[in-house]
Amino acid sequence: MTRDLRTRLVGAAVLGSYPLLVAAALWPQPWLFLVFCVMSYAAEIAARRGARQLVDLLSQAHLGVTLRFVIREMTAILLVARTEGTDSPWFMALTVGLFLMHGVRAVQTWLAISYNRTLSRLPALTRNIDAVKIPAPPRDILVNYQGLRFLYLDVLPVGGAALGATLGTGYQGAAGAAIALSLELMGALALLPHLRRVRPLRDTPGVLRAVDEHLSKYRPEVVLYFSGPNDSAYQATMWLRPLERIDRRALVVLRERDMLRMLGDTSLPVVCIPSAADLMGFSALDTARLCLYPANVGKNIHMLRIRGLHGVFVGHGDSDKEASFNPFTKVYDEVWVAGQAGRDRYIRAQVGVRDENVYEVGRPQLSGVSAHGPDLPYRTVLYAPTWEGWTDDLFHTSIITMGPGIVRMLLAHSPELRVIYKPHPLTGYRNLAARRAHQKIHALLEKRELSRSMARHPAGTALAMARNSAGTARSMSGHSAGAAWSQPIRHQVVTGQEPPLYDCFNQADLMITDISSVVADFIASGKPYMVTNVSGMPERLFRERYPSSEAGYLLGEDLAELSAVLQALEHGAEDVLASTRRKLKTYLLGPDHPDAMARFNNAVNDAYNRASARGR
């Protein structure tokens, strides 16, 4: 069943249950009402779990969830009126009980909103800084008011009314209302002590002062400043390990609250200050002299306005894409690139960045990238496409026009070929076609894994494989001759932070990617790669425009080149571009000696000294 068909069926069940309940109540037919009641609640639960578009559409049509529950409760009152009469004490008890339930639930929801608002409006949030003490939270059911769990308590009076009418006893509806009302009162009362404990956090100046005093003792010298959507957290995360290893005391400053949760693990102190006014008046930054920016975003202007901070754009990866020579970059005091290629991009682009302000500092993140593939009997291909970009002018992704075809061809080539698919975290963020292509690739790999699992031995033993590689020359895969193992092949879709991209590099024998920083980073491994030519540009022009493709095998939209490269990989053929990659590695990433971490540390120290000499 397709998702659209399932949504339509759920929508029909949600909307169709109400006239059926009204009809069963007016008839009256209590047992039918009970059946329709079960159907109505089941449809609501299904809509909340798997048909969010339907829920949003009903809300826009003024048929929100609260109104739908009230309608169902009214039908229960109508049923009791028809079976017991309006003079019945059970009718009055049920009516009053339902009214009070909504009143108490409104109070409980208001308390939950107040609690969440206190935490969501904290002027500063921290990690690895013992300055803002947040009390232990209440149970999620008490504060997650969007979960509507207390609203579902009306199943007790509504279901009780239906049961009482069916049995002819009548009291069950009133009893259900009393129980539900008691539970809601308990929920509201349970929130009161939590609200009292978080009251000190409403003191904005006090919270900022506490964080400020703690960081003033730390005396940060270098700041990593980052702002962006949740999916872009990797751009800051990649700089955490290098900053942990520099000589200077580093501090991470974020602007979005959710980013504190999305940021990778680190031992560095991290502070999130959402307000621009609070940031620019944050005196703990007075000891810092150097600020590193991994991304060009609008909120950078708030930090750039702080006088005395030497601004350095470090980016989140060198590439031939326009993002690596953005004209906005000229607002920084310095621009740090990995190697000569980064400097040349700015020279060619002529976007206002002066050559004397560009420094080659290497890529310290790549120290863990291995020059050898995994010693396994099968080959692994990593497909790592970039995303669709903010505008079509920056359109480099292969995922829409080529992605599913690439994966199909990889899967069809050999049962001894493993596929790792790691799309850019922002894939599908702007373009629905990219999102659909991503879902199609995911389905292809999932289907293959399912069929492979079904074909395995019933006892669950691993599929035994052995493969011998012939020849002693350096091969496309980088494997030594004669390797033989017994290992299962498992395709992998990597959409979260784990495993990191560089771990995927280490698992791969060959990478297929688009023009992006992934190319320059993979160059550190020395292993073969293919670059997609999405635009169909002639090869000579393509390589001139995108120098990082010089040592890669080009892949056109018809995928004609893929089969030959896979054959060479499988049979251990000579890698004709190996020497070109070694030269390109130096051009893109700089020399091997001193290593990139030492170069980056020296760059931080030199820039800090330049900023200190200039004074604040």
(request) Pull up segment 160-182, narrow it to residues that are under 41 Å from the mean Cα position of the chain (by Cα) and closer than 27 Å to Ala24 by Cβ, then point me to the one that is surrounded by the fewest Cβ atoms within 10 Å (Cβ to Cβ). (result) Leu181
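What strands (runs of 3 or more DSSP E), lying completely within segment 269-317, carry at least 2 residues that are β-branched (Val, Ile, Thr) and assigned by TED's automatic domain parsing to the domain that holds Gln340?
On the way: elements: 270-272, 290-293, 310-313.
Strands (runs of 3 or more DSSP E) meeting the threshold: 270-272.
Have a look at Ala42, Ala46, Ala23, Ala61 and point out the one that is among the small types (Gly, Ala, Ser), over 20 Å from Gln172 (Cα atoms), in the same structural domain as Gly164 (by TED's automatic domain parsing) and at pLDDT 95 or above.
Ala23
In contact (Cβ under 8 Å) with a residue 60 or more places away in the chain, assigned by TED's automatic domain parsing to the domain that holds Gly160 and under 32 Å from the mean Cα position of the chain (by Cα): does that describe Arg8? If you could, list the steps in order and put the result at the bottom.
On the way: in contact (Cβ under 8 Å) with a residue 60 or more places away in the chain: no; assigned by TED's automatic domain parsing to the domain that holds Gly160: yes; under 32 Å from the mean Cα position of the chain (by Cα): yes.
No, not satisfied.
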(message) Could you tell me how many of the residues in segment 573-584 are within 23 Å of Val534 (Cα to Cα) and not in a helix (DSSP H, G or I)?
(response) 1
(request) Could you tell me which of the residues Asp140, Asp154 is out of contact with any His (no Cβ under 8 Å at 6 or more places or on another chain) and surrounded by fewer than 13 Cβ atoms within 10 Å (Cβ to Cβ)? (result) Asp140
(message) Exactly one condition in (1) in a loop (DSSP other than H, G, I, E, B); (2) surrounded by 14 or more Cβ atoms within 10 Å (Cβ to Cβ); (3) modelled with pLDDT of 90 or more is false for Gly536; which is it?
(response) (2)
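Go through the residues of segment 517-524 one by one and say whether even a single one is assigned to a loop (DSSP other than H, G, I, E, B), outside the structural domain of Ala236 (by TED's automatic domain parsing) and not aliphatic (A, V, I, L, M). Can you show your working first?
To start, the set of residues in segment 517-524 that are assigned to a loop (DSSP other than H, G, I, E, B) comprises 524.
From what's left, outside the structural domain of Ala236 (by TED's automatic domain parsing): 524.
Still in the running and not aliphatic (A, V, I, L, M): none.
The answer is no, given that none of the residues of segment 517-524 is assigned to a loop (DSSP other than H, G, I, E, B), outside the structural domain of Ala236 (by TED's automatic domain parsing) and not aliphatic (A, V, I, L, M).
Answer yes or no as to whether Val223 is out of contact with any helix residue (DSSP H, G or I) (no Cβ under 8 Å at 6 or more places or on another chain) and not small (Gly, Ala, Ser).
In short, no.
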(message) As an exercise: evaluate Ala596 against (1) within 23 Å of Ile246 (Cα to Cα); (2) in contact with an Asp or Glu (Cβ under 9 Å, 6 or more places away or on another chain) and give the number of the one condition it does not meet.
(response) (2)
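Residues that are on the phi < 0 side of the Ramachandran plot and more than 36 Å from the chain's Cα centre (by Cα): find the helices (runs of 4 or more DSSP H) completely inside segment 31-142 holding 3 or more of those. Full working, then the answer.
Working: elements: 52-60, 65-84, 89-120.
By residue number, 65-84, 89-120.
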(request) Just need a number here: residues in segment 333-383 that are more than 20 Å from Tyr587 (Cα to Cα), hydroxyl-bearing (Ser, Thr, Tyr) and not in a strand (DSSP E or B). (result) 1
(message) Checking the structure you have, find out if any residue of segment 325-332 is over 24 Å from the mean Cα position of the chain (by Cα), modelled with pLDDT of 95 or more, in a loop (DSSP other than H, G, I, E, B) and farther than 30 Å from Glu570 by Cβ.
(response) yes
(request) For segment 306-365, name all the residues that are hydrophobic (A, V, I, L, M, F, W, C) and over 24 Å from Gly228 (Cα atoms). (result) Ala341, Ile347, Ala349, Val358, Val361
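Run down Arg452, Arg430, Arg490, Arg418 and say which single residue is in a helix (DSSP H, G or I) and modelled with pLDDT of 65 or more.
Sole residue among the options that is in a helix (DSSP H, G or I) and modelled with pLDDT of 65 or more: Arg452.
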(message) For segment 330-373, which positions are of a type in the set (A, V, I, L, M, F, W, C) and over 30 Å from Cys504 (Cα atoms)?
(response) Val331, Ile347, Ala349, Val351, Val353, Val358
(message) I need a count of the residues in segment 46-81 that are closer than 17 Å to Leu34 by Cα and without any contact (Cβ under 8 Å) to a residue 40 or more places away in the chain.
(response) 3
(message) So in segment 349-404, with the set limited to residues that are out of contact with any helix residue (DSSP H, G or I) (no Cβ under 7 Å at 6 or more places or on another chain) and of a type in the set (A, V, I, L, M), which one is surrounded by the fewest Cβ atoms within 10 Å (Cβ to Cβ)?
(response) Ala371
(request) Could you check, for segment 320-328, whether at least one of its residues is touching a strand residue (DSSP E or B) at 6+ places or on another chain (Cβ under 6 Å) and either farther than 28 Å from Asp503 by Cα or not β-branched (Val, Ile, Thr) (or both)? (result) no
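With Leu290, Leu285 as the choices, which residue is touching a helix residue (DSSP H, G or I) at 6+ places or on another chain (Cβ under 7 Å), surrounded by 17 or more Cβ atoms within 10 Å (Cβ to Cβ) and at negative phi?
Leu290 is the lone residue from the list that is touching a helix residue (DSSP H, G or I) at 6+ places or on another chain (Cβ under 7 Å), surrounded by 17 or more Cβ atoms within 10 Å (Cβ to Cβ) and at negative phi.
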(message) For segment 152-170, which positions are out of contact with any Gly (no Cβ under 7 Å at 6 or more places or on another chain) and part of a helix (DSSP H, G or I)?
(response) Tyr152, Leu153, Asp154, Val155, Val158, Ala162, Leu163, Ala165, Thr166, Leu167
(message) Can you tell me which condition Met530 does not meet? The list is (1) in a loop (DSSP other than H, G, I, E, B); (2) modelled with pLDDT of 95 or more, and all the others hold.
(response) (1)
(request) Tally the residues that are outside any loop (DSSP other than H, G, I, E, B), under 30 Å from the mean Cα position of the chain (by Cα) and either β-branched (Val, Ile, Thr) or under 15 Å from Tyr587 (Cα atoms) (or both), restricting the search to segment 544-572. (result) 2
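The values are calculated or read from the model by the stated rules, or taken from the named source; none is laboratory data. Quick caveat, the model's predicted, so the values are computed rather than measured. Virtual Cβ from ideal backbone geometry, glycine too; neighbours counted across all protein chains shown.
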